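The values are calculated or read from the model by the stated rules, or taken from the named source; none is laboratory data. Not measured: the values here are computed from a predicted model. Here Cβ is always computed from backbone atoms with ideal geometry, including for glycine, and neighbour counts include all displayed protein chains. Ligands, DNA and RNA are stripped out before the accessible areas are found, and what is left, the full protein with its side chains, is counted by its heavy atoms. Shrake-Rupley method; radii C 1.70, N 1.55, O 1.52, S 1.80 Å.
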Amino acid sequence: MVKEIEIYSESEMIALGHRIGKLLDKNMVIALTGDLGAGKTTLTKGIGQALGVESTINSPTFIILKVHFGRMPLYHMDVYRIGPDSGDDYLEEYFEKEGVAVIEWAENIAHLLPDSYLGIEIKNLGGTKRAVRLSGNNPKYEKIIESVIV
Ligand SMILES: Nc1ncnc2c1ncn2[C@@H]1O[C@H](COP(=O)(O)OP(=O)(O)OP(=O)(O)O)[C@@H](O)[C@H]1O
Ligand SMILES: [Mg+2]
């Protein structure tokens with residue numbers, strides 16, 4: 001299933017993340033794709049808010065994984081600098097732990113991703129306008145997509 005929504009401001013992006021975050025469960029994986037500055041971290045901030053995270057969500061390029069503690073752990077990954085041969089296969093352990101994983105530049109670790117995940121692709125349409133495309137191939141993610149985009 002694939003559905004798309006247009007977003008017109010940063011605060012709307014955070015609100016979208018919040019709506020998604022409220023529906024997340026242990027072991028869920030969110031694969032974010034989109035160019036530099038598309039809004040991946042901004043969306044993750046909303047997800048974190050919904051999970052009750054109080055620590056700051058950002059994505060310094062030299063940090064691959066940051067664990068935030070809320071209602072359940074949020075494993076926030078930024079794999080911009082990671083490739084198939086960079087020895088970061090340990091990351092896949094986090095897909096089976098107690099929390100949810102949100103991965104920026106997820107295409108870089110396509111070989112580590114589980115069979116099903118919630119894909120979120122963000123496109124910058126100019127100014128503060130963004131197209132956000134949600135995709136999922138498993139009922140648990142399709143349910144989220146359907147309730148987030150009506
Ligand atoms: N509708 C919008 N949604 C999200 N961010 C927006 C929007 N409009 C403007 N912005 C701005 O775009 C930037 C998005 O930055 P953000 O760090 O979320 O992007 P990113 O995709 O994580 O980039 P990077 O690949 O560098 O990690 C912010 O400066 C934000 O203020
Ligand atoms: Mg980012």
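Would you check if Gly126 is within 16 Å of ligand 2 (Cβ to nearest atom), under 28 Å from Glu4 (Cβ atoms) and not acidic (Asp, Glu)? No; evaluated as a whole, the condition is false for this residue. Filtered by the rule that a residue be open to solvent by less than 30 Å² (accessible area, probe 1.4 Å), away from ligand 2 (no atom under 16 Å from the Cβ) and not aromatic (Phe, Trp, Tyr), segment 71-111 gives Met72, Pro73, Gly83, Asp88, Leu91, Gly99, Val100. Taking the criterion of being within 16 Å of ligand 1 (Cβ to nearest atom) and aromatic (Phe, Trp, Tyr), the only residue of segment 36-74 that qualifies is Phe62.
Scanning segment 123-148 for residues that are within 16 Å of ligand 1 (Cβ to nearest atom), open to solvent by less than 80 Å² (accessible area, probe 1.4 Å) and either of a type outside the set (Lys, Arg) or part of a helix (DSSP H, G or I) (or both) gives Gly126, Gly127, Ala131, Val132, Leu134, Val148. Are any residues in segment 42-55 among the hydroxyl-bearing types (Ser, Thr, Tyr) and surrounded by fewer than 20 Cβ atoms within 10 Å (Cβ to Cβ), and if so, which ones? If the condition is that a residue be among the hydroxyl-bearing types (Ser, Thr, Tyr) and surrounded by fewer than 20 Cβ atoms within 10 Å (Cβ to Cβ), then Ser55 is the only one that fits.
With respect to the stated conditions, Asn108 is touching a residue at least 12 places away in the same chain (Cβ under 8 Å), out of contact with any strand residue (DSSP E or B) (no Cβ under 9 Å at 6 or more places or on another chain) and of a type in the set (S, T, N, Q). Going by the structure shown, is Ile103 away from ligand 1 (no atom under 16 Å from the Cβ), touching a helix residue (DSSP H, G or I) at 6+ places or on another chain (Cβ under 9 Å), modelled with pLDDT of 95 or more and among the aliphatic types (A, V, I, L, M)? No: the conditions fail for Ile103. Name the single residue that is most open to solvent (accessible area, probe 1.4 Å) among those in segment 1-38 being part of a strand (DSSP E or B), within 17 Å of Glu107 (Cα to Cα) and touching an Asp or Glu at 6+ places or on another chain (Cβ under 9 Å). Filtering segment 1-38 for residues that are part of a strand (DSSP E or B), within 17 Å of Glu107 (Cα to Cα) and touching an Asp or Glu at 6+ places or on another chain (Cβ under 9 Å), the one most open to solvent (accessible area, probe 1.4 Å) comes out as Thr33.
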